[in-house]
Structures are given as structure tokens and as C-alpha cells.
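The values are calculated or read from the model by the stated rules, or taken from the named source; none is laboratory data. Note that the coordinates shown come from a computational prediction; the quantities given were computed from them, not determined experimentally. Here the Cβ is made from the backbone with ideal geometry for all residues, glycine too, and neighbour counts use every protein chain on show. To get the accessible areas, we keep the full protein, side chains included, count just its heavy atoms, and leave off ligands, DNA and RNA. Shrake-Rupley method; radii C 1.70, N 1.55, O 1.52, S 1.80 Å.
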There are 4 protein chains.
Amino acid sequence: MSIKVGVVGARGRVGSAVVDGVNQNDDLELVAEVDQGDDLQVLVDNGAEVIVDFTQPSAVMGTLEFCIANGIHAVVGTTGFTDERYEKVREWLKDSPEVGVLIAPNFAISAVLAMAFARQAAAFFESAEVIEYHHPTKLDAPSGTAIKTAQGIAAVRREAGMDPMPDATDQALDGSRGADVDGVKVHAVRMTGMVAHEDIIFGTQDQSLTIRQDSYGRTSFVPGVLTGVRKVADYPGLTIGLDSYLGL
Amino acid sequence: MSIKVGVVGARGRVGSAVVDGVNQNDDLELVAEVDQGDDLQVLVDNGAEVIVDFTQPSAVMGTLEFCIANGIHAVVGTTGFTDERYEKVREWLKDSPEVGVLIAPNFAISAVLAMAFARQAAAFFESAEVIEYHHPTKLDAPSGTAIKTAQGIAAVRREAGMDPMPDATDQALDGSRGADVDGVKVHAVRMTGMVAHEDIIFGTQDQSLTIRQDSYGRTSFVPGVLTGVRKVADYPGLTIGLDSYLGL
Amino acid sequence: MSIKVGVVGARGRVGSAVVDGVNQNDDLELVAEVDQGDDLQVLVDNGAEVIVDFTQPSAVMGTLEFCIANGIHAVVGTTGFTDERYEKVREWLKDSPEVGVLIAPNFAISAVLAMAFARQAAAFFESAEVIEYHHPTKLDAPSGTAIKTAQGIAAVRREAGMDPMPDATDQALDGSRGADVDGVKVHAVRMTGMVAHEDIIFGTQDQSLTIRQDSYGRTSFVPGVLTGVRKVADYPGLTIGLDSYLGL
Amino acid sequence: MSIKVGVVGARGRVGSAVVDGVNQNDDLELVAEVDQGDDLQVLVDNGAEVIVDFTQPSAVMGTLEFCIANGIHAVVGTTGFTDERYEKVREWLKDSPEVGVLIAPNFAISAVLAMAFARQAAAFFESAEVIEYHHPTKLDAPSGTAIKTAQGIAAVRREAGMDPMPDATDQALDGSRGADVDGVKVHAVRMTGMVAHEDIIFGTQDQSLTIRQDSYGRTSFVPGVLTGVRKVADYPGLTIGLDSYLGL
């Protein structure tokens, strides 16, 4: 018994990778591909149990209202969600309490796990630093993921009442010690050939622990989306972020 | 207000590293060092609140009975514990329900966390392999830690009903694909200069996640022991393994 | 003054990546694209100074004879060269002593350098092992590159009269210590998401040196080909392998 | 036939590690240990063929004059050498043309090789960055080795007329992109538990090459010193730096 999946935004770069992912897995069945201008009714007509939506902020709310009203679960990677939008989704769900909606900013399982592991480890190591590596066409440094990782570590350290990290540096070339994000040093490498990579390094007496995340291509979100598709029926109501689906 | 600590087996290699660790931390106070032949009464006389015991299987049970009877918490790395011994400790604790006893086979925080993270990640990646690196005087391959790591991954995969890992190899030099531990490949590197290191590698579409653990010296157990000392009063009764102290 | 380049096999997967590479570099000018059935005369007519040939063993010799006779340098990645073929190329070159021909089995600069560095380091470390990582659809293990790397290390050690590597292992799970290639252990990891990666690890007292090569995609040969195009005029006669162009 | 070795400064931290190294190798024989205040004549009396000198700038010149005059080769790690001192050594060697003297600032073979490999690779990659990792009690950042590595890369790039590295960053947290050493970015990590480690990373289309150097302890200079001892007789005259002994 496979899960019947509809993909909204199926001809976009992300949507078409989701279509490929659904097609390559025997436990999933692609029953509808919807794009801008198409009638959503095809989702109902073709019996979609779950939709995946990677579209535009301007379109996603209409799709969600329709799906919830029709008892279709939704896995959503579209951006632009605010507290008000979350509230509206929760209201719609009141009349369809069995429907699950997952809205997540990041479906790259390895990145989500890396960040969670960093928070779990943070209280037990004197030192922690983050190094991220990206292609040299990236405009911002450090990456948003690296900043968020460092903030997560810093929050755990603060809550645990830990001392600042040891650092005897008193003679440094400007920039050598990285950017300071809430007391956690973050370094950004820009390297032709690389895609997106991150080292989260923790150290204490005679040991270190490194969590390394590598993205080798542009479809690393697919396994997380498919995990969402498989589990969304077990999580009725609104879930924000993939973490709980990963047991985190 | 520092915690008053007694170290049993204080002149052994491990015990003396614990003594150093206690002395280097302001929130801990070393009040007694006990070794073979010494009277345990000094622990009571000097007001020890917690003892650390890295001694011999032949000695540890007597020490535990004494400490529990005297309301002293215990953090124990001594080996040789069996179900019967655990049962005896639990019996002694019945009359001292406020006393905490932590018995753990491994106090290297980075190794304990690495193994826990591996279990958490295991269900979400098609592929997983383990590489361990040790000095060339090691007698067994792979290391016990690597085998245990692989078994943990295999158990999670089995429980999640996952397919075997993809591997199209049909022409291989003998040994190149590593040892098979419950379906997880494990590779052992022996390298002059290295101490003890482990890569746990997970892969799925367009991404990988690597958990790297490095031991640089022989005192990597100390931070875990001190974590035990600080928290043991909050965990009355018998606790086996450091995991719950680390929030795992 | 740009170099005028003709690409033979321009519509193949490799050839079209070379075409892209030529077009993206201002010091190179694409003057001809030739494919199966096209007349080579276009190379002369359009003033090609250098051709790149990634075609078939059945086609390449005719192309080389034509180019050498017309004073056009050649950078060749086509396979199937034998000593006899090399001899024939050398004969053709006798009448065109100013023409350079580079024939190389591997144009991935990072891989060629990694192998060269491994040979340079091999005599100075007690221990050396190789780990290669590939996608799980690869049929052979270890990779040809890893085997060649290990053979290179072994040859240097033999010539230097070095002892076998230290290894006290006396209790091992089958396969855990890798494949034995001339006394050098080689490990092969198969991991969904990965492309092609290699660690060459050397160890001696209190230190290790690791040469890590990562291929993230299928066009990693392009920079080596372009290096060949830029330098081939400085290397008249037949050159086999990219090494001397890289100063190795 | 073993080489007869005298160690000058034998009771210092470095000297005693050299003594251990000589004693652990069958092809070397320790014939004299000399320290401050001892008569150098023991070197002659005991037939030393090579001395190793890790002492003080104030003592080393006297020792060298004595050894050269007595036909004893010298391997020197003592600091404080200037052009004038080198000149004086060359003068002394005029009368003993068969004597070899090796004076090197760094005997850690893996570090010397890493730096040499970096210079060899530098001309072939668009991007290059250096990350060094040290214990948090280090006072300077980046390390002298990392700065020297970056300078070596920069010099090769300059000589090859290469463009600046690609870097589209236009929005950066201060320090995130590292220190700029002659156009090469250098990052310094400070981590409890670590000793001394360096990544030299090169990238070009679809590939990267990383040279990783790890020091795990304080005796990583020993193999380089012993290499010097074994080869110094083959290098008559003054040699500065270990490079030529390593075939670099």
C-alpha cells in the first residue's frame, strides 16, 4: 500500500526533484503534479493523501486552506511563514483535526541533525567553534546555518552557566580568530569546487568531537521531504520544523 | 560551595588523573585519597560527599557497600560488573534511597556522545560505515567501540525495517570493503602516531553526515568523571552508563 | 592573445564540458567543434592551434596523424593507448618536431597531485594506508586510483629498503584491516551521496599527514585539460601523463 | 654497521627525546650524551660520527666549531642562526670539506612536507585557504607555520601571474573570512584537547585537495632529526632546512 502524493510546484527546480524522489520510491505513488494556474481539484480527484508544496509565499496559503478542508496532509518547504500565518493554519486545522501539516525551513536531514547534535553536545565541552565551507559565489559569510548553529551552542552554554571558552590569544592577525557569534567563533571558507559543508568542533581534555555535514548537490532536501511525506499522517495538527519527525 | 570528593585508587594511572582533575576545578574539593590497604573511614572523617572509584573488581564492592551505608555518592569506572553485582548494589541502596551510584564502562564524553548520535541518525540514511584509527600496537581490530557503534546502528536500522545498504560491488579485493558487523561495514586503520579516533559516516541523497571522535591522550575520561561527580547527587539510585547524565 | 582551440568529440559528455571550459576562459578561444563524421579540415581552416580529443580509440589515431601533419598541438584523454600507438605518434612527430602531444589517463589535477605527493612522502613515514570513498553504484573495490596510489607508496618503500609497517593486530574480524596491496592497506567505503574521495594517510612518531582528494562532480578533469591546452606548445614531442606539466 | 651518535643537550626536553629515538633504532648507536658544562672531547673519545644539537644560541657555535674541526657531522635544531653565523660555519667547513652540517628550524617531517606540497599545488587551483587548530593556551594567531604556508602559496600564485581568488562575499560578519596573509585567507581555531593541526585546502572546478597535518604530541621532531642523522654524511657542507634531505 503506497502513499498517494501530489506535488504542488512540480515544475520548479525543487518540485521536480521531489517528483523524481517520489517516482524512485516504491512506497510512494505520484498521483498529481500541480503548477501555477492549475486547478487544485485534481488533488482530490486523483486521491492525493499528502501534498508537497515548494512554491511561493503568495500561493501557499490558498493551497493549504484547500488541502486541509479536503483532508489532505501537507509537507511544506515554501518560505515566508509568520506567526500570523501559522495561526491561520491552526485555525483551519481545528475543523480537520486528523490532518497533519509540516512546515519546515530546512529539509536537509544531515543539516538538521548536525544542528541538533551540536545543541546536545554543547554543555559538555569547554571549547566549540564552527567552520563552514561554500562555493565562492555565495554572498554572505558566515552562512545562515552556521550562524544558527553557533547561536544554538551559545544558548545551551548560557543556560548551563558555563564559563567563556578558554583562549589565551593576545597577538592575532585581524580576522584570524573568526567572527564572534554570541561568544562562539565562526569561520567561513570560500572554495571553488565546494558546495556546502560545515564542521562543528567541540573540545575538552584530551579529546574532540567533530560533526561534519557535507552537501554534494542541490537535491539534498529530498530525503527529508520524503520522510515528511511518510510520517505526516502520524503528526496531526501543525508541526514546525523537521526535528520532531527525526526523533529530536 | 564546592563538592567534597574522595578518590579511591588515587595512586593508579587513572586515579591520579582524576585527582589532577579535581584539583584543577574550583567547584570541587579533594578531601581524601584512598589506595589499597587504606582505611575507608577517612572518607567519612573528611566529609567526602562523592567518591570516584577506578580500582579492581575485587575491591570495588566493599567500597560501594561502605559508601552507600555512609550516605556517600559514588562514581565508578571499575570493570567487572555483572547483573548480580548490580542487583546487590540496588539492594544496598534500598536503605539509602538518597544516595546516587553511577557505574559506567566509558567516561569519554566524546565517545559516548558519538555513539548516541549514531543511533539517532541511523534511521535516516541509506548508508552507514565506521572507520576507526588506532596506534599500531593495538591487538584487536576493529576496536570494541567501533563494533559497538556498528551494532547500535544495525539495531536501529533493523527496528525501522530499513533495506540493506546499497552496494553494487561485484569485483573486490579481499578485505577492501571492511568487516561486516550486523550488516554495517567497519574499517580499522593502524597508524604510528595516532592515538584513538573514529569516523561514523552516514550518507543519503546528495549529502553525508560524519561524526568524528578524536582522543589525543590518555586522560580523556576525566571530563566525564567530573560530570558524574557534579551530577550524581541529582540521580539517586543506581545509574548504569553516562548517557542519562548527558541528557541522552 | 588567446589560444585558438578545437574540440574533437565536442558533443560527448566530456567534450561538451571542455567546450564550456574553453568558453569560460578569456585566454582561450573556441574556433572549432568537431564530432563523428565531421571533416577535420575545419581545424586547419579555422586556425586551431591546439586540439582537445576525448573520443574513441578507433578514431583518435587518425585525428592525431592529421593534427601533427598540420602543426596542431594535441591534448588527448581518449583511452586505449598502447606502446605501439605511442611509437607511431613519436614517428609522426619526427617530421613536426615543434608539435606537442599530451596523452594522459587522468586529467583530474587534484588526483594527479595527490598521487605524486603520496610517492614523495612515502619514504618518511612508518605507516601508510589508503581509504577511498565512492557512491554505492561503483562496481569495483578498491578504486583503480586507490590501488595505483598504494602501489606507488609500496614501490617507494621497497626502493628505500623500509621495514614492513608496524601492526600488532592478532585478533581481527575478517576484512577489518582492509585489502593488502603490495603491503599497503586499502579500505573502500561505499556511501550514497558521495561522489569520489580519497584519504592517503601517513603516520610516524607523534604526527600524521593526510592527503585528501575530493571530487564533487563529473567535470573535475576540465582544469587539467585547460592546463594542458595552455602548456602543450612548451612541451614539443610526446608527453605521457600530466605530471611534468604540473612540475612533478 | 650502526651510526655512532652523540647528543648535545641530552638532558633537555628535546634532547632526551632524541636520546630515546636513537636508542629505539638499531641502525643508530648512542655513544655520548653531553650537557652544559661537559667536555666536548667525549664526542671524539667515544667515536661519535654525528652529533645532534638542541641547545642554546650561546652554546651552539662553539660546539659546531669543535665538531667540524674533528670531522664530526652535525644535525642542529638550536635557534638563533643569522646570515653571519651561517657564514662562519661555511668558513669552518672549508678546512673540513667532507663534513656535513644540517641546520633546520623545523624537523617535523609532516609539517615540512605539508608546506612543500602546498607550494607545489598552489599554481593549479583557483582557491586556497589555510586553517590551523591549536590548544587554547597558544598566544599568537595564526601560528607561524600557517602564516609561512600562506606566504608560500601567495608567492607561487604571484609568480604564476594568477588572478586573485574568487570571492563574491559582500555581506560578512567581521572576522568570518579569516586573516588576509598576502591574499590567502588564514583561519585559527583554538580548542581544548587539540595539540597542533593544519588544513591547507585547495579548490578548483568540481574538486578540492586538502593537505592535513596533525601533531599529537611533543616529540614530532624526532623522526626528522633521525632522518638528518642518517643522511648528513651524504650532504657535505652546510645545508639549511630539511627540505633537500626529503627530496623536495
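Descriptive notes on the structure:
- Per residue of peptide B:223-231, the mean number of Cβ atoms on other chains within 10 Å of the residue Cβ is 2.
- Net charge dipole, chain D: roughly 240 debye, given to the nearest 20, about the Cα centre with Cβ charges of +1 for Lys and Arg and -1 for Asp and Glu.
- The range C:81-138: mean projected area of Cα convex hull, nm²: 7.1
- Legend: mean number of C-beta atoms from other chains within 10 angstrom of residue C-beta atoms, peptide C:213-222, equals 6.
- The protein assembly as shown - share of DSSP beta bridges that are antiparallel (%, nearest 5): 45
- 5 angstrom amide H check on B:LYS185, placed H, neighbours 5+ away: B:VAL130
- Taking the range C:78-214 and dividing mean pair separation by its residue count, relative contact order in percent (alpha carbons under 8 Å, at least six apart): 32
- A viscosity of 1.567 mPa s and a temperature of 4 °C, combined with the Kirkwood radius over Cα pairs in Stokes-Einstein, give a translational diffusion coefficient for the range B:168-240 of 78 µm²/s.
- Distances between copies of B:MET61, taken at a point 7 Å out from Cα along the Cα→Cβ vector and listed shortest first: 7.0, 7.3, 8.3 nm.
- Relative contact order %, the range B:129-193, counting alpha carbon pairs below 8 Å whose residues are six or more apart: 59
- Cubic angstrom per residue, convex hull over Cα atoms of chain D: 155
- Test item: Cα-centred dipole of the range A:13-127, Lys/Arg +1 and Asp/Glu -1 on Cβ, debye: 540
- When its C-alpha radius of gyration is set against 2.2 N^0.38 Å (N residues), the range B:64-113 gives a value of 1.22.
- Peptide D:119-126, shielding by other chains (average Cβ, 10 Å cutoff): 5
- List of the range C:141-180 residues, accessible area with partners at least 50 Å² below that of the chain alone (1.4 Å probe): C:ALA141, C:ALA168, C:LEU173, C:SER176
- Interatomic Cα distance distribution for the range B:139-184, bins of 5 angstrom, percent: 5, 19, 24, 21, 19, 11, 2, 0
- With respect to chain A, whose longest principal axis is taken over its alpha-carbon atoms, helix A:144-159 is tilted by about 70°.
- Alpha-carbon centroids, the range D:142-174 and the range B:27-52: separation in whole Å: 56
- Debye-formula intensities of the range B:117-216, expressed as log10 I(q)/I(0) at q = 0.10 Å⁻¹, are -0.27 (one equal scatterer per alpha-carbon, no solvent).
- Within the accessible area of the range D:1-54 (1.4 Å probe), percent carbon and sulfur: 42
- For the range D:186-211 versus the range C:175-242, the inter-centroid distance based on Cα atoms is 18 Å.
- Out of every Cα-Cα pair that the protein assembly as shown contains, those further apart than 53 angstrom amount to 25 percent.
- Chain A and chain D together bury an accessible surface of about 3200 square angstrom, both sides counted, with a 1.4 Å probe and no ligands or nucleic acids included.
- Heavy-atom surface analysis with a 1.4 Å probe gives the range C:136-236 a carbon and sulfur content of 47 percent of its accessible area.
- Every helix of 4 or more DSSP H residues in chain C counts as -39500 (n - 2.57), and over all residues that averages to -10000 deg cm²/dmol at 222 nm.
- Highest-MSF residue in chain C out of C:ALA146, C:ALA59, C:ALA160 [GNM, Cα springs under 10 Å]: C:ALA160
- Interface residues, the range A:185-205 - accessible area loss of 30 Å² or more versus chain alone, probe 1.4 Å: A:HIS187, A:ALA188, A:VAL189, A:ARG190, A:MET191, A:THR192, A:GLY193, A:MET194, A:ILE201, A:THR204, A:GLN205
- The angle between the Cα long axis of helix C:83-94 and the main principal axis of chain C comes to about 40°, on a 0 to 90 degree scale.
- Anisotropy class of the range C:2-55 from Cα gyration tensor, a/c 1.5 cut: oblate
- Across the identical copies, the 7 Å label point of D:GLY161, projected outward along Cα→Cβ, sits 4.7, 6.6, 6.6 nm from its counterparts, in ascending order.
- Computed from Cα atoms, the angle from the helix B:57-69 axis to the main principal axis of chain B rounds to 50 degrees.
- Innermost chain C residue relative to the axis carrying C onto A, by Cβ distance in angstrom: C:TYR216, 3
- Most to least packed among B:10-22, B:107-119 [average Cβ atoms within 10 Å]: B:107-119, B:10-22
- In percent, rounded to a whole number, the relative contact order of the range D:28-125 is 23, using alpha-carbon pairs under 8 Å and six or more apart.
- The equivalent ellipsoid that matches the C-alpha gyration tensor of the range C:2-120 spans semi-axes of 22, 19, 14 angstrom, in descending order.
- For A:ASP39, inter-copy label distances in nm, listed shortest first [label point 7 Å out on the Cα-Cβ vector]: 5.9, 9.6, 11.2
- Unit charges on C-beta of K, R, D, E only; dipole of the protein assembly as shown, Debye: 0
- Intensity falloff of the range A:44-189 expressed as log10 I(q)/I(0), Debye formula with alpha-carbon point scatterers, at q = 0.08, 0.09, 0.15, 0.20 Å⁻¹: -0.37, -0.45, -0.88, -1.14
- Taken per residue, the accessible surface of the protein assembly as shown reaches 40 Å², heavy atoms only and a 1.4 Å probe.
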